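Undergrad: I am attaching a structure below and will ask some questions about it afterwards.
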Amino acid sequence: MSPNPVREFFRRHSASLAGGAPPQVIQSTDSAERAGIRWDSEMDTEQWEARICSEEPTRSGEAPTRFVDGCHIGESVLWLRNPSHGWRVAVTLSEIGGVSMELDGRTLTRRFFGLERVVSFVIDAFPWNEIEAVAAGLANIRDYPLRLLPARMPDKDANLFDPEVMRAQAEARTLREMSVWENIALNSDPLATTLLDGPVSSREISQPKNRGLLIAVIKTHTRNYLHDQGWRTLLELPDSQRTPFFRVDPPVPRRGAGVSVATWYLKLSHSAAPNSSIVRVEVPWEQFTQRWPTRDEQIGFVNRISRWMVDARCRQQSYARMPISLEPIVRAEESLKSLFTPFGVLRNRFLRHAGSLMS
Amino acid sequence: MTPVDVLAIRAAVSSVWTRLGIHPDIDRRGPVLLAPFMDTYNLIDVALPGLSRAAVFDHLQAKGITPADVGDEDEDLAGFLFTTPGVGLIFVNASDPIPRQRFTAAHELAHYVLHRDAMGGRVTKADTPAQIELTDEQSDLHERQANRFAVELLMPDDVCRARAEAFRSAYGICPRGPLAYQLAADLLVSREGMRYRLNQLEVGDEPEPRS
């Protein structure tokens with residue numbers, strides 16, 4: 001075996017330096033997903049209208065005392081060439097992690113964090129014996145080990161010659177691993193009422209009834225969950241108001257595929273654009289119906305927690321995602337990112353090891 | 001169903017480590033390298049997309065080897081072991097994900113180590129995807145032995161326990177689901193296989209059922 005299997009692998013497969021990342025691919029919602037949506041949980045579909053969130057404060061156990069976020073900094077750093085077909089395969093280098101902050105009086109304290117440095121690419125485009133050697137080589141780099149995250153081959157109908165297709169696979173794999181860190185952070189104190197940055201519906205949440213209340217806030221809307229009247233309601237939402245809540249079931253009912261949720265859209269603050277300052281909120285359906293069994297109780301909770309979110313919205317003008325962010329989550333993100341290695345340093349270390357500063 | 005003699009399988013795995021001249025190092029990160037084991041037995045790995053008996057037949061013929069009757073030519077295969085006194089080849093399906101290819105190669109290596117004497121001097125052993133499935137339903141003893149060998153080789157008991165302990169020491173918790181996810185990537189095995197192994201070893205915390 002070569003003394004440096006990492007360098008040998010990258011050299012053999014014509015590694016070349018990568019530039020900035022192309023834009024994100026937005027996914028559409030297929031019919032199977034839409035079949036799992038029940039819009040009439042709060043009111044009939046035709047009657048949907050903006051709902052005013054009352055000024056009533058949250059009740060005991062409703063307001064989050066713990067805030068969980070995941071972070072990811074990374075980009076494509078190399079391109080490889082598949083030996084048999086000539087596909088270009090992006091290698092992404094990232095630092096990922098998860099953090100849990102706890103509200104202690106008026107102070108947010110970091111209670112848990114985990115982070116690691118990872119490399120991801122579509123490994124199936126290369127021989128298995130070379131991949132195991134490069135994975136072992138990366139994992140045992142002294143001082144800054146890197147874990148190889150195997151990205152899956154794209155779907156059969158994808159154009160494998162499109163470098164963006166390969167890059168998106170690596171990025172998706174890295175983000176999935178970040179969500180594993182979020183899950184670990186979630187598990188670090190399962191009894192606290194927790195606000196999670198990102199969807200809960202796609203996670204494996206074991207026995208939600210045994211956990212503290214879990215509330216998720218989604219800032220990026222990549223799925224179409226609404227009907228036409230729902231869209232009209234959403235786009236005309238005044239600030240601090242919400243859509244009716246509705247139920248979304250995971251598309252495939254199998255273990256680990258996710259949980260059913262009660263969900264609604266909330267406009268955090270005034271904005272000129274109809275589709276900005278909007279977040280979507282999720283609560284596991286099992287918790288939602290167990291703690292607030294009647295529709296009136298459910299409406300009351302949704303209003304109270306929505307008001308809490310409006311009050312907790314980020315007001316830092318300098319923060320790029322201010323209109324859709326909550327202050328405790330921003331603080332959690334800042335807390336974790338302060339622990340990250342500057343990406344330029346990480347990139348140069350990796351490239352030095354991979355032997356790709358030569359060109 | 002005859003149970004697999006786990007101690008005998010572990011002894012066989014230990015013997016292949018000894019033959020390689022090293023032993024599993026729990027401090028070393030990353031996957032167990034399978035290729036050096038195959039080298040010590042002079043086994044050549046061949047990855048063919050859409051592996052079938054016909055593809056194996058064609059490959060062997062192209063190499064000047066006259067294969068015996070290979071049976072149902074169109075049957076989809078995960079792996080194939082071909083040995084004669086002069087040559088040993090392990091075929092895997094290049095269309096499978098790499099963790100699966102590695103598991104298949106380890107499974108075929110197991111047949112070579114454990115069963116070649118029982119098969120005679122010239123071995124042609126085809127394995128369908130179902131035969132290399134890690135389930136408790138596998139009825140054929142040789143297949144269960146080969147699967148257990150692959151599990152013990154690629155996901156060593158000591159390594160799994162050491163990683164779980166390190167995780168708990170670092171983070172105070174060790175939930176089995178996320179541990180399986182992380183360890184699968186680290187050891188370059190499938191998530192399902194890793195989960196199966198952690199369940200088998202009872203490593204990592206599972207949530208208590210509600211009383």
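Undergrad: For residues in the range A:152-185 being without any contact (Cβ under 8 Å) to a residue 60 or more places away in the chain and of a type in the set (S, T, N, Q), which is farthest from A:Ile215 (Cα to Cα)?
TA: Looking at residues that are without any contact (Cβ under 8 Å) to a residue 60 or more places away in the chain and of a type in the set (S, T, N, Q), I get A:Asn159.
Undergrad: Do the conditions hold for A:Pro145, that is, is it touching a residue at least 12 places away in the same chain (Cβ under 8 Å), within 13 Å of chain B (Cβ to nearest Cβ), over 11 Å from the mean Cα position of the chain (by Cα) and more than 30 Å from A:Val345 (Cα to Cα)?
TA: no
Undergrad: Could you please give the count of residues in the range A:202-242 that are within 14 Å of chain B (Cβ to nearest Cβ) and more than 27 Å from A:Glu327 (Cα to Cα)?
TA: The number of residues fulfilling the criteria is 4.
Undergrad: Do you know which of the residues in the range A:112-151 that are among the acidic types (Asp, Glu) and more than 15 Å from B:Ile98 (Cβ to Cβ) is surrounded by the most Cβ atoms within 10 Å (Cβ to Cβ)?
TA: The qualifying residue surrounded by the most Cβ atoms within 10 Å (Cβ to Cβ) is A:Glu116.
Undergrad: A:Leu346: over 16 Å from A:Leu195 (Cα atoms), surrounded by 15 or more Cβ atoms within 10 Å (Cβ to Cβ) and within 24 Å of the chain's Cα centre (by Cα), yes or no?
TA: Answer is yes for this residue.
Undergrad: Counting just the residues of the range B:157-211 that are in contact (Cβ under 8 Å) with a residue 40 or more places away in the chain, out of contact with any helix residue (DSSP H, G or I) (no Cβ under 6 Å at 6 or more places or on another chain) and facing chain A (nearest Cβ under 10 Å), which one comes out surrounded by the most Cβ atoms within 10 Å (Cβ to Cβ)?
TA: Among those residues, the one meeting the criterion is B:Leu187.
Undergrad: Out of (1) part of a helix (DSSP H, G or I); (2) modelled with pLDDT of 95 or more, the odd one out for B:Pro31 is which?
TA: The number of the failed condition is (1).
This table checks each residue for (1) charged (D, E, K, R); (2) over 28 Å from A:Asp124 (Cβ atoms); (3) modelled with pLDDT of 90 or more.
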position	(1), (2), (3)
B:His115	no, yes, no
B:Gly120	no, yes, no
B:Lys125	yes, no, no
B:Met155	no, no, yes
B:Asp158	yes, yes, yes
B:Ala170	no, yes, yes
B:Cys174	no, yes, yes
B:Leu188	no, no, yes
B:Arg210	yes, yes, no
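Undergrad: Now for a separate question. All but one of (1) assigned to a strand (DSSP E or B); (2) surrounded by 15 or more Cβ atoms within 10 Å (Cβ to Cβ) hold for A:Thr109, so report the exception by its number.
TA: (2)
Undergrad: Can you tell me which residues in the range B:77-131 are under 16 Å from the mean Cα position of the chain (by Cα), among the hydrophobic types (A, V, I, L, M, F, W, C) and more than 22 Å from A:Ala151 (Cα to Cα)?
TA: Scanning the range B:77-131 gives B:Leu77, B:Phe80, B:Leu81, B:Leu89, B:Ile90, B:Phe91, B:Leu109, B:Ala110, B:Val113, B:Leu114, B:Ala126, B:Ala130.
Undergrad: Just one of the numbered conditions (1) surrounded by fewer than 18 Cβ atoms within 10 Å (Cβ to Cβ); (2) closer than 15 Å to A:Ser54 by Cα; (3) hydroxyl-bearing (Ser, Thr, Tyr) is not true of A:Thr243; which one?
TA: Status for A:Thr243: all satisfied but (1).
Undergrad: For A:Ile141, work out the one condition from (1) in a strand (DSSP E or B); (2) in contact with a His (Cβ under 7 Å, 6 or more places away or on another chain) it doesn't fulfil.
TA: (1)
Undergrad: If you don't mind, another one. Counting only residues that are out of contact with any strand residue (DSSP E or B) (no Cβ under 9 Å at 6 or more places or on another chain) and in contact (Cβ under 8 Å) with a residue 40 or more places away in the chain, how many does the range A:309-327 have?
TA: 1
Undergrad: Of everything in the range A:171-205 that's at pLDDT below 90 and hydroxyl-bearing (Ser, Thr, Tyr), which residue is surrounded by the fewest Cβ atoms within 10 Å (Cβ to Cβ)?
TA: Across the range A:171-205, the extreme among qualifying residues is A:Ser202.
Undergrad: Of all strands (runs of 3 or more DSSP E) completely enclosed by the range A:225-296, which ones contain at least 2 residues that are among the hydroxyl-bearing types (Ser, Thr, Tyr) and closer than 26 Å to A:Ile329 by Cβ?
TA: It comes to A:261-267.
Undergrad: Can you find even one residue in the range B:12-35 that is surrounded by 13 or more Cβ atoms within 10 Å (Cβ to Cβ), more than 14 Å from chain A (Cβ to nearest Cβ) and out of contact with any helix residue (DSSP H, G or I) (no Cβ under 8 Å at 6 or more places or on another chain)?
TA: Yes, the range B:12-35 has at least one match.
Undergrad: Which condition breaks for A:Val89 when tested against (1) under 30 Å from A:Ala170 (Cα atoms); (2) surrounded by fewer than 20 Cβ atoms within 10 Å (Cβ to Cβ); (3) more than 22 Å from the chain's Cα centre (by Cα); (4) in contact (Cβ under 8 Å) with a residue 40 or more places away in the chain?
TA: So the condition that A:Val89 fails would be (2).
Undergrad: A:Ser76 is checked against (1) away from chain B (no Cβ under 14 Å); (2) more than 25 Å from the chain's Cα centre (by Cα) and fails just one. What number does that condition carry?
TA: (2)
Undergrad: Which residue pairs have Cβ atoms under 7 Å apart, sit 6 or more places apart or on different chains, and have a first residue in the range B:124-150 that is within 22 Å of B:Leu43 (Cβ to Cβ) and charged (D, E, K, R) and a second that is assigned to a loop (DSSP other than H, G, I, E, B) and at pLDDT below 80?
TA: Final answer for the pair search is B:Arg144/B:Gln138.
Undergrad: Being assigned to a loop (DSSP other than H, G, I, E, B) and surrounded by fewer than 24 Cβ atoms within 10 Å (Cβ to Cβ) is the filter here, so list the residues in the range A:64-86 that pass it.
TA: Answer for the range A:64-86, where residues must be assigned to a loop (DSSP other than H, G, I, E, B) and surrounded by fewer than 24 Cβ atoms within 10 Å (Cβ to Cβ): A:Thr65, A:Asn82, A:Pro83, A:Ser84, A:His85, A:Gly86.
Undergrad: I need a count of the residues in the range A:174-201 that are among the hydroxyl-bearing types (Ser, Thr, Tyr) and within 15 Å of A:Val68 (Cβ to Cβ).
TA: Narrowing the range A:174-201 to residues among the hydroxyl-bearing types (Ser, Thr, Tyr): A:174, A:179, A:188, A:193-194, A:201.
From the residues that got through so far, the ones that are within 15 Å of A:Val68 (Cβ to Cβ) too are A:179, A:188, A:193-194.
Here the count works out to 4.
Undergrad: When you go through (1) in contact (Cβ under 8 Å) with a residue 60 or more places away in the chain; (2) within 12 Å of another protein chain (Cβ to nearest Cβ); (3) within 14 Å of A:Ile96 (Cβ to Cβ); (4) not basic (Lys, Arg) one by one for A:Ser188, which number turns out not to apply?
TA: (3)
Undergrad: Hey, can you tell me all the residues within the range B:36-75 that are assigned to a helix (DSSP H, G or I), surrounded by fewer than 18 Cβ atoms within 10 Å (Cβ to Cβ) and within 14 Å of chain A (Cβ to nearest Cβ)?
TA: Those that are assigned to a helix (DSSP H, G or I), surrounded by fewer than 18 Cβ atoms within 10 Å (Cβ to Cβ) and within 14 Å of chain A (Cβ to nearest Cβ): B:Pro36, B:Asp39, B:Thr40.
Undergrad: Identify all residues within the range A:328-344 that are in contact with a strand residue (DSSP E or B) (Cβ under 7 Å, 6 or more places away or on another chain) and in a helix (DSSP H, G or I); write none if there are none.
TA: A:Pro328, A:Ile329, A:Arg331, A:Ala332, A:Glu333, A:Ser335, A:Leu336, A:Lys337, A:Phe343 - these are the residues of the range A:328-344 that are in contact with a strand residue (DSSP E or B) (Cβ under 7 Å, 6 or more places away or on another chain) and in a helix (DSSP H, G or I).
The values are calculated or read from the model by the stated rules, or taken from the named source; none is laboratory data. As the structure is a prediction and not an experimental result, all values here were calculated from the model. We place every Cβ from the backbone using ideal geometry, glycine too, and count neighbours over all the protein chains shown.
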